[in-house]
Amino acid sequence: MTPQEMVEKALELSANDDCVVLVDEGSTANLRFAGNTLTTNGVARSARLTVISIAGQGVGVVSRAAVRDDQLEDVVAAADAAAREAQPAEDARALVEGVPESPHWGSAVEPTDIGVFEGFAPALGDAFAAAEAGGRKLYGFAEHSLTSTFLGTSAGLRLRHDQPTGRLELNAKSADLKRSAWTGVSTEDFRDVDVAALDSSLAQRLEWAKTRVDLPAGRYETLLPPSAVADLMIYVFWSAGARDALDGRSVFSKPGGGTRVGERLGTLPVTLSSDPSAPGIACAPFVTAHASSRQSSVFDNGLPLGPTDWIKDGTLEALLQTRYSAELSGLPVTPGIDNLIMSGPEGGRSMEEMIASTEHGLLVTCLWYIREVDPQTLLVTGLTRDGVYLVEHGEVVGEVNNFRFNESPVDLLGRLTEVGAGGRTLPREWNDYFQRTIMPAVRVPDFNMSTVSQAS
């Protein structure tokens, strides 16, 4: 069956009151390389069927990979049986209606393939040659995926979204493997990836690292690049569930009850937003919920999504809301969206300009191993990696040791002294799960490097 036929047949087979069917058809292509040599390449296909059956207010969800035509009836029957045995769902609502059918609903799925790297691969080869001549080694991978999601419901919805996703992670090491630098980019199709420029930036960082300066733990004026800012702001976004805030479980809970929506979080006019139609990071314009959670509801499947400000000009504007949680909070319905944009005052400077205006501080390349310590303040801990540099009188003078940090990204919003120009970036820590971000570099006057790390 085609994905569309599988949706229709599953809806027809369900014997319960309502049914939601999601079919995800995926394809990936990848290149992997080490030591200035391509090591592997490959393509893969995947398919997953999710049947959400509703009996009264009971919900049964069954999800299976690579379902054959002759297995479909059993999957639907299992979902129907689970729904009949389930306790009433607290988020039960009427299914979404009235959303026009996606204009390309009936089109065939066209998977990605290795041809997506047609222009990128030769440029990568040139970068290998340049790195070899410069006495450094390049490691990393390039990956492109295309996922087509088909959503059909017994309420009449027929919606489809095709999501291209690409990422490149590039790590450069000195010939003796003692110096290391990382960079990464996110892309829709690899046509906009400037490999030569990325390699040049890594070469500069390895040159900086020839001078080593050991520093103690402490609070330092710190420049965080867009990648590191993305990792911190994604954690803010993931922690912004309305249910947790209402229950007093999160940094967005108001003392005494309620949420902090409407409260000013920072002095600078920083905005954190999402927009399904944002150029370069476009994502699904409707809710696709494969299961209910504290931040999503299967009953909201197909709900239209639009531009949403989570923080506007420094003030908390919205939290992740289902229709159910919105009724509890009295706030608008604002479901999660699969991209994130941070912006500050107009005229933000480039990272190079920010470095040039720094008298004494640290330039951090990226963060990793970020873990939550205290949800009430959103205190997180993590490590620096692949290059922390000392800036003196507007110039980078050498590499310093790595640190463990302890910071709350929400608290950081109130302490920023500069927000740079924004651009599309790839988070280092979370790019397996969240890749569509536009972020600025920021200046923090007192970033807490809590201990020296032995990681290298």
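The values are calculated or read from the model by the stated rules, or taken from the named source; none is laboratory data. All figures in this text were calculated on a predicted structure; none of them were measured in a lab. Don't worry about glycine lacking a Cβ; one is built from the backbone with ideal geometry, like all the others, and counts go over all protein chains shown. The area values use the complete protein model at the heavy-atom level, side chains included, leaving out ligands, DNA and RNA. Shrake-Rupley method; radii C 1.70, N 1.55, O 1.52, S 1.80 Å.
Which strands (runs of 3 or more DSSP E) does the stretch 396-456 wholly contain that include 2 or more residues that are touching a residue at least 60 places away in the same chain (Cβ under 8 Å), within 20 Å of Ile337 (Cβ to Cβ) and within 20 Å of the chain's Cα centre (by Cα)? Qualifying strands (runs of 3 or more DSSP E): 418-425, 437-452. Filtering the stretch 198-221 for residues that are touching a residue at least 40 places away in the same chain (Cβ under 8 Å), part of a strand (DSSP E or B) and in contact with a Lys or Arg (Cβ under 8 Å, 6 or more places away or on another chain) leaves a non-empty set.
Within the stretch 102-116, the set of residues being over 15 Å from Phe190 (Cα atoms) and open to solvent by less than 70 Å² (accessible area, probe 1.4 Å) comprises Ser102, His104, Trp105, Gly106, Ser107, Val109, Pro111.
Report, by residue number, each residue of the stretch 117-132 that is open to solvent by less than 30 Å² (accessible area, probe 1.4 Å) and either closer than 19 Å to Pro164 by Cβ or in contact with a Cys (Cβ under 8 Å, 6 or more places away or on another chain) (or both). The answer is Phe117, Phe120. Of all residues in the stretch 356-395, those that are under 27 Å from the mean Cα position of the chain (by Cα), hydrophobic (A, V, I, L, M, F, W, C) and within 23 Å of Asn171 (Cα to Cα) total 9. The set of residues from the stretch 51-101 being surrounded by 18 or more Cβ atoms within 10 Å (Cβ to Cβ) and not hydrophobic (A, V, I, L, M, F, W, C) comprises Ser53, Gly58, Gly60, Asp80, Asp91.
Please find, within the stretch 267-295, the residue that is most open to solvent (accessible area, probe 1.4 Å) out of those that are out of contact with any His (no Cβ under 9 Å at 6 or more places or on another chain) and among the β-branched types (Val, Ile, Thr). Applying the filter and picking the extreme gives Thr267.
Each row is one residue, and each column tells you yes or no for (1) open to solvent by 40 Å² or more (accessible area, probe 1.4 Å); (2) more than 26 Å from Val251 (Cα to Cα); (3) hydrophobic (A, V, I, L, M, F, W, C).
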{"position": "Ser174", "(1), (2), (3)": "no, yes, no"}
{"position": "Ser180", "(1), (2), (3)": "no, yes, no"}
{"position": "Ser186", "(1), (2), (3)": "no, yes, no"}
{"position": "Asp189", "(1), (2), (3)": "yes, yes, no"}
{"position": "Val193", "(1), (2), (3)": "no, yes, yes"}
{"position": "Ala197", "(1), (2), (3)": "yes, yes, yes"}
{"position": "Ser200", "(1), (2), (3)": "yes, yes, no"}
{"position": "Leu223", "(1), (2), (3)": "no, no, yes"}
{"position": "Leu232", "(1), (2), (3)": "no, no, yes"}
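Of all residues in the stretch 276-289, none are in a loop (DSSP other than H, G, I, E, B) and within 14 Å of Val410 (Cα to Cα). Filtering the stretch 1-47 to residues that are open to solvent by 40 Å² or more (accessible area, probe 1.4 Å) and part of a helix (DSSP H, G or I) leaves Glu5, Glu8, Lys9, Glu12, Leu13. One residue stands out among those in the stretch 296-309 that are in contact with a Ser or Thr (Cβ under 6 Å, 6 or more places away or on another chain) and touching a residue at least 60 places away in the same chain (Cβ under 8 Å): the one that is surrounded by the fewest Cβ atoms within 10 Å (Cβ to Cβ), which is Asp300.
Is it fair to say Ala82 is free of Cβ contacts under 8 Å to residues at least 60 places away in the same chain and among the hydrophobic types (A, V, I, L, M, F, W, C)? Here the answer is yes, as Ala82 does meet what is asked.
Among the residues making up the stretch 234-247, a single one is open to solvent by 40 Å² or more (accessible area, probe 1.4 Å) and assigned to a loop (DSSP other than H, G, I, E, B): Asp247. For the structure I just gave you, tell me whether Gly135 is touching a helix residue (DSSP H, G or I) at 6+ places or on another chain (Cβ under 7 Å), farther than 19 Å from His290 by Cβ and exposed (fewer than 14 other Cβ atoms within 10 Å of the Cβ). Here the answer is no, as Gly135 does not meet what is asked.
Scanning the stretch 253-266 for residues that are within 27 Å of Gly423 (Cβ to Cβ) and surrounded by 14 or more Cβ atoms within 10 Å (Cβ to Cβ) yields Leu265, Gly266.
Test Ser250 against the stated conditions and say whether it is touching a residue at least 24 places away in the same chain (Cβ under 8 Å), open to solvent by less than 20 Å² (accessible area, probe 1.4 Å) and in contact with a Phe, Trp or Tyr (Cβ under 8 Å, 6 or more places away or on another chain). No. Scanning the stretch 369-409 for residues that are in contact with a Leu (Cβ under 6 Å, 6 or more places away or on another chain), of a type in the set (A, V, I, L, M, F, W, C) and open to solvent by 10 Å² or more (accessible area, probe 1.4 Å) yields Val373, Val397. The set of residues in the stretch 313-341 that are touching a strand residue (DSSP E or B) at 6+ places or on another chain (Cβ under 9 Å) and at positive phi comprises Asp313, Gly314.
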